[in-house]
Amino acid sequence: MSVDAVLSRIAEIRTQIDALRGGTTASAGGSASNEATTGAFADALASATGTSTSAGAAGTAAADGASRTPATSVDAGRGTLATGSGATGSDVVEDAKKYLGVPYVFGGTTRSGMDCSGLVQTVFKDLGVTMPRVVPDQADMGVPVGSLKDAKPGDLIIPKGEQHIVIYVGDGKVLHAPRPGKDVRIVDNWYKDSDIATIRRIVPSEAAAPAATRSVSAAGAAQSVTDLQTAALLSAMRGSAA
């Protein structure tokens, strides 16, 4: 491939990168387009210099990794966060507060009455997250939190014996449906780490970075890769000319 042809190909690739940075390429197709672009650039470099380069492969991996989004789910699962609903731990606390004052009713899941696990299931249902009905099953969901000092608002605390469950609201307080004759309330947490079977985080404690931010990062990675490849190509061409 002649130098003129290589330079022409560089101009085409830069045009594609500019389109990606301007948001004209859909995110699903953007990754495939970027991969094809960086691959083509590597081929052009190899053709011009007669050598291979790792920049193209590394660039493809970096750009693809930057644009890939994590898997999502709206169902609570063991060992994973339910991210599909977009709910956070703060949302769990705010929704649970709607049920303050609801009387304890064994087996209940409505405003007319609910028990501790019924409260938990209902709160997550409000947020679009499917949770099991009873405490032992709820205690298996999400990811474990090491200790009370690591607990964040929205985490679930289950004492040994798994006969009760409370929602941590922060500042050393919990929200729960205590027992018959009581109602849903916020109280000081009385559990110590030695009393606890497990602490579970069902949804992320904080919101994920906006998709727009991830797209800009992907475009920036692609541009950086292209700049490195351009520099490598020009350096090789100067060496050939010498």
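The values are calculated or read from the model by the stated rules, or taken from the named source; none is laboratory data. What you are looking at is a predicted structure, and each value in this text was computed from that prediction instead of being measured. For neighbour counting, all protein chains shown are included, and Cβ atoms are generated from backbone atoms with ideal geometry for every residue, glycine included. Heavy atoms of the whole protein, side chains included, go into the accessibility calculation; ligands, DNA and RNA do not. Shrake-Rupley method; radii C 1.70, N 1.55, O 1.52, S 1.80 Å.
Hey, does region 104-113 have a residue that's at pLDDT 50 or above, in contact with a Leu (Cβ under 7 Å, 6 or more places away or on another chain) and outside any loop (DSSP other than H, G, I, E, B)?
No, the conditions are met nowhere in region 104-113.
Restricting to region 145-161, give me the number of residues that are loosely packed, with under 13 Cβ neighbours inside 10 Å and within 8 Å of residue 199 (Cα to Cα). I'd like the intermediate steps shown before the answer.
Just the residues of region 145-161 that are loosely packed, with under 13 Cβ neighbours inside 10 Å, to begin with: 146-147, 149-150, 160-161.
Adding the requirement that they be within 8 Å of residue 199 (Cα to Cα) leaves 146-147.
Result for region 145-161: 2.
Considering only residues that are surrounded by fewer than 21 Cβ atoms within 10 Å (Cβ to Cβ) and under 20 Å from the mean Cα position of the chain (by Cα), look in region 128-139 and name the one that is farthest from residue 157 (Cα to Cα).
Result: 128.
Here is a check on your reading of the model: is residue 219 out of contact with any Cys (no Cβ under 6 Å at 6 or more places or on another chain), open to solvent by 60 Å² or more (accessible area, probe 1.4 Å) and at pLDDT below 95? Please lay out each step first, then the result.
Numbers: out of contact with any Cys (no Cβ under 6 Å at 6 or more places or on another chain): yes; open to solvent by 60 Å² or more (accessible area, probe 1.4 Å): no; at pLDDT below 95: yes.
No; evaluated as a whole, the condition is false for this residue.
For region 162-174: of the residues being aliphatic (A, V, I, L, M) and within 20 Å of residue 76 (Cα to Cα), which is most open to solvent (accessible area, probe 1.4 Å)?
169
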